[in-house]
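The values are calculated or read from the model by the stated rules, or taken from the named source; none is laboratory data. Since the model is a prediction, treat every value here as computed from it, not as a measurement. No Cβ is skipped: glycine too gets one built from the backbone with ideal geometry, and neighbour counts run over all protein chains shown.
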Amino acid sequence: MANLLEVKNLRKSFRVSSALGQAGGRLVAVDDISFGLRQGETLGLVGESGCGKSTTGKLIMQLQKADRGQILYQGTDLTQLSASRMRPYRRQLQMIFQDPFSSLNPRMTVGAILSEPLVIHKLARGRQIRERVIELLEKVGLTAEHENRYPHEFSGGQRQRVGIARALAVEPELIIADEPVSALDLSVQAQILNLLQDIQREHNLSYLFIAHDLAVIEHVSDRVAVMYLGRIVELTSADELYRNPRHPYTEALLNAVPIPDPGQPRPAPLSGEIPSPVAPPSGCYFHPRCPYASEVCRQQQPPLNDIGSEHLSACHHQDQVGRYLLRRDTA
C-alpha cells in the first residue's frame with residue numbers, strides 16, 4: 001500500500017543563545033528522520049519530553065520550516081509550497097493540540113470556533129454553517145446547547161472534544177494528535193481515545209499520534225516509531241515492538257510501563273541524565289545510558305536498518321536487546 005505521507009531525511013535545528021558565560025550553539029531538535037504513514041493507519045511517535053516529537057508534528061503541518069528534508073503528502077512536497085499554495089492542503093492535514101484550553105480562542109464561542117474553518121474553506125454558508133456545527137458537536141459527544149458557551153465554561157475533556165470537532169470540520173484525511181490526552185484525567189483519557197478510534201473507523205482517517213506514554217501508544221497504534229534526541233531509533237508494528245523490542249531505549253521505556261503485579265522484580269532504571277541536544281555524545285546518542293554499550297557504540301552512529309519484517313532498529317547490539325526486558329505476560 002502506498003504511503004499517504006512520507007517524511008524523508010527531515011532536519012530542524014534552533015539557535016541557542018549564550019547564557020551564564022557559556023557559548024551559544026544550535027540545538028538539533030529533529031535529526032535526519034524518515035518514516036511513512038499509510039491511509040487509515042495510526043503511527044505512534046513516542047519518546048521522552050524534548051526528543052523532537054512535537055517539532056516533527058509542527059514541521060509536517062508547516063507551522064515551522066525544516067532546515068532540510070522532504071514532507072511528501074500524496075506525492076507533493078509540502079516544504080516547497082508557499083502559504084497560498086499550502087492552504088488547500090490544510091484541509092487535508094489537521095492537528096489536535098496538547099493543551100485543549102490554550103489552543104481555543106477564549107474570546108470566541110464554541111459555535112464561532114467551529115464555524116471559522118467552514119467559512120475560510122468555503123465548505124458551508126448561511127444556515128448550513130449552524131447545521132454543520134451542531135452535527136460536529138454531536139459527533140464528539142457534545143450537544144447543541146454547548147454552541148454558545150465559551151471555552152472556560154468547559155471541563156478539560158470537553159475542551160478536547162471541541163478541539164477534535166474543529167479538526168474534523170474540514171473533513172481531513174490525516175490528523176496529527178500531539179499529546180491529545182496527556183493533560184486529562186485517566187478516566188477522561190479513555191473516553192477521548194475511544195472517541196478518536198471511533199472517528200477514525202468512521203472516516204478512514206490516518207493518525208500520527210504523538211505521546212510519551214507507551215501504554216497509550218499501545219492502545220491506539222498500528223505501528224510505533226521511537227525517538228531519542230531527535231532521531232528515530234526503532235520503528236515497527238505495535239505488536240512486534242511490545243513483544244520483541246530491538247533497541248535498548250525501547251526496552252527501558254517498556255520497563256517503565258506499570259504492570260498488574262507490583263511485586264514482580266523490576267530491572268534497574270536507566271542511569272544518567274539525558275544528554276544535551278546542543279552537545280550530544282559521539283557515536284550512538286544513547287550509549288552513555290545503555291547497558292549494552294561497547295566501544296563501537298562510543299565511536300560509530302548506528303544506522304536505522306531493517307532487521308526483518310519491516311522492523312527497523314538503530315543499534316549495534318540489537319540481537320542482545322531484551323536481556324533486561326520485564327516480561328508482561330501477566331498484563
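In a residue-by-residue description of the range 84-96, the property of being under 30 Å from H247 (Cβ atoms), assigned by TED's automatic domain parsing to the domain that holds L137 and of a type outside the set (A, V, I, L, M, F, W, C) applies to no position. So, V170, is that one among the β-branched types (V, I, T), surrounded by fewer than 21 Cβ atoms within 10 Å (Cβ to Cβ) and not in a strand (DSSP E or B) or not? Yes. Determine whether R90 is among the basic types (K, R), within 25 Å of L208 (Cβ to Cβ) and touching an Asp or Glu at 6+ places or on another chain (Cβ under 9 Å). No, not satisfied. Check the range 313-322 and report whether any residue there is hydrophobic (A, V, I, L, M, F, W, C), under 12 Å from Y249 (Cβ atoms) and more than 24 Å from the chain's Cα centre (by Cα). Yes, the range 313-322 contains at least one residue that is hydrophobic (A, V, I, L, M, F, W, C), under 12 Å from Y249 (Cβ atoms) and more than 24 Å from the chain's Cα centre (by Cα).
Each residue in the range 306-319 was checked for being under 16 Å from F35 (Cβ atoms) and loosely packed, with under 13 Cβ neighbours inside 10 Å, and 2 of them qualify.
So is S18 hydroxyl-bearing (S, T, Y), more than 21 Å from Y228 (Cα to Cα) and modelled with pLDDT under 95 or not? Yes, satisfied. Of the residues making up the range 33-85, those that are in a helix (DSSP H, G or I) and surrounded by 15 or more Cβ atoms within 10 Å (Cβ to Cβ) are K53, S54, T55, T56, G57, K58, L59, I60, L78, T79. Contact map, the range 214-243: first residue over 18 Å from G52 (Cα atoms), second residue assigned to a loop (DSSP other than H, G, I, E, B) and hydroxyl-bearing (S, T, Y), Cβ cut-off under 9 Å, separation 6 or more or different chains; pairs are V216/S182; T236/S309; S237/S221; S237/S309; A238/S221; E240/S309; L241/S221.
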